[in-house]
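Below is one structure; the comments refer to it alone.
Values in this text are rule-based calculations from the coordinates and carry no lab data. In this text the structure is predicted, and so the values were computed from the model without any measurement. Neighbour counts are summed over all protein chains in view; Cβ atoms, including those assigned to glycine, are modelled from backbone coordinates with ideal geometry.
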Amino acid sequence: MTQIELDGQTIARVVDQPPLIFETGGGWTVTVESALTFSDANGAVRHLEGDDPEAVAAMGPLLHGLTLRASAVEDGSLRLTFTSGAELIAPPDPDYESWGLTGPAGQRLVCMPGGELAIWDAGSTSRRRAEGDAFSGEPRSRQ
Amino acid sequence: MASIDDLTTAIGAVKERIERIGAGLARSSSLANELRDEFADLGASDKTAAAEGVRRELESGHRIVSDLDDRTDRLLRRAAALGGRERSGGPARPLAPATRRGRPARPRGVPSTWTVSRTSNGRGLIWQRPGSLGNADTLRIMEPTDRYPNGYVRFYNRYGQPIGLDGKPGPRSRTHIPVREDGTYDIPQGWHDDAD
């Protein structure tokens with residue numbers, strides 16, 4: 001299981017066009033392109049597609065303002081639980097990337113087709129200008 | 001410098017070793033299973049639990065070995081494709097060939113000012129406009145998958161949305177751009193000029 005340091009982050013913005021993209025006040029961005037399950041604080045469960053315009057538009061009011069209590073990745077599935085009791089689960093897709101995360105220090109996590117994770121750490125020594133000088137970021141993610 | 005054929009031979013040897021280890025683990029797991037059942041029939045609960053613990057450990061090891069086996073399969077397929085292109089006289093192009101300084105060369109569709117970073121687990125490369133956040137203004141080249149045997153490319157617009165070849169956001173089936181066997185791929189309409 002991969003732990004992600006999103007705990008305590010509050011969703012500050014939800015993009016109203018597909019794919020489902022939401023940003024936290026701490027500079028993290030979550031993108032979900034494929035199937036997802038969202039359970040609200042009352043236990044109502046919705047099964048949605050992250051690239052469906054109507055579904056994405058409907059998710060905005062449900063997600064905006066929620067605060068993350070825990071976040072983890074297991075077998076390619078992203079599970080975000082919120083302090084309200086709501087929960088979002090995005091499983092891997094066999095053919096396409098299903099979800100991704102980016103962090104404020106250049107951290108990046110992509111669930112590839114089939115569920116394998118592609119991981120970019122903050123402060124990776126390979127992070128350089130394509131033909132130029134190196135620069136660094138501060139490692140913040142915990143893998 | 002090792003040729004593709006040398007690499008293919010080396011990967012093949014690794015795969016053979018992995019397969020032997022996998023077969024050994026499968027046999028051991030089967031034996032642990034039998035042992036557990038025999039202990040259970042004898043009513044030896046402690047030994048039954050111990051045998052079950054061993055069986056689970058062996059199964060876990062077998063899953064890891066199976067994953068390694070799949071990865072070496074993919075490496076072999078990729079090496080075979082590259083070798084075929086070398087032998088046919090065509091261009092043998094990895095997704096992002098290295099420059100003389102060992103850094104990934106700037107591929108088609110990447111402006112000269114963009115920065116590059118590589119995954120820590122070797123699954124892809126990303127180029128991004130300096131100062132942009134999240135996925136905004138990025139081009140990402142990913143390693144082969146079952147659906148994309150030569151890899152695939154993702155282009156993101158200034159809003160961090162993946163775009164298709166029409167330059168617009170769209171369903172995921174249109175925003176995963178396949179890499180061709182010769183390493184080339186199409187660029188979305190209106191995408192940044194390489195010379196930017």
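Net charge near B:G164: determine it from the other residues with C-beta under 12 Å of the C-beta of B:G164, scoring Lys and Arg +1 and Asp and Glu -1.
+1
Restricting attention to the range B:158-192, which trypsin sites (Lys or Arg not before Pro) occupy a DSSP loop and are surrounded by at most 15 other Cβ atoms within 10 Å?
Sparse-neighbourhood loop trypsin sites (Lys or Arg not before Pro): B:R158, B:R180.
By per-residue mean of other Cβ atoms within 10 Å, what is the highest-first order of B:131-144, A:75-88, B:21-34?
Averaged packing, sorted descending, gives the order B:131-144, A:75-88, B:21-34.
Once the convex hull of the C-alpha atoms of the range B:100-196 is built, how many Å³ does it hold per residue, rounded to a whole number?
Hull volume normalised by residue count: 112 Å³.
Over the Cα atoms of the range A:28-87, how large are the radius of gyration and the largest Cα-Cα distance (Dmax), in Å?
11.2, 29
Provide the net charge surrounding B:A50, with neighbours chosen by a C-beta distance below 13 Å and charges set as Lys +1, Arg +1, Asp -1, Glu -1.
Local net charge: 0.
Just in the range B:127-162: which chymotrypsin sites (Phe, Trp or Tyr not before Pro) are loop by DSSP and have at most 14 other Cβ atoms within 10 Å?
Here the sparse-neighbourhood loop sites are B:Y159.
Stokes-Einstein D for the range A:5-44 at 10 °C, 1.306 mPa s, Kirkwood Rh over Cα pairs, in µm²/s?
It comes out at roughly 140 µm²/s.
What is the distance in Å between the Cα centroid of the range B:19-61 and that of the range A:22-46?
41
Considering amide H positions built from the backbone, and no H for Pro or chain starts, which residues 5 or more places from B:S120, or on another chain, come under 5 Å of its amide H?
Amide H neighbours of B:S120: A:I119, A:W120, A:D121.
Can you give the average number of partner chain beta-carbon atoms within 10 Å of each beta-carbon in peptide A:99-111, as a whole number?
3
Taking a quarter of the surface of the convex hull around the Cα atoms of the range A:2-120, what do you get in nm²?
6.3
Give the average, rounded to an integer, of partner chain Cβ atoms located within 10 angstrom of each Cβ in B:118-131.
Counting Cβ atoms of other protein chains within 10 Å of each residue's Cβ and averaging gives 5.
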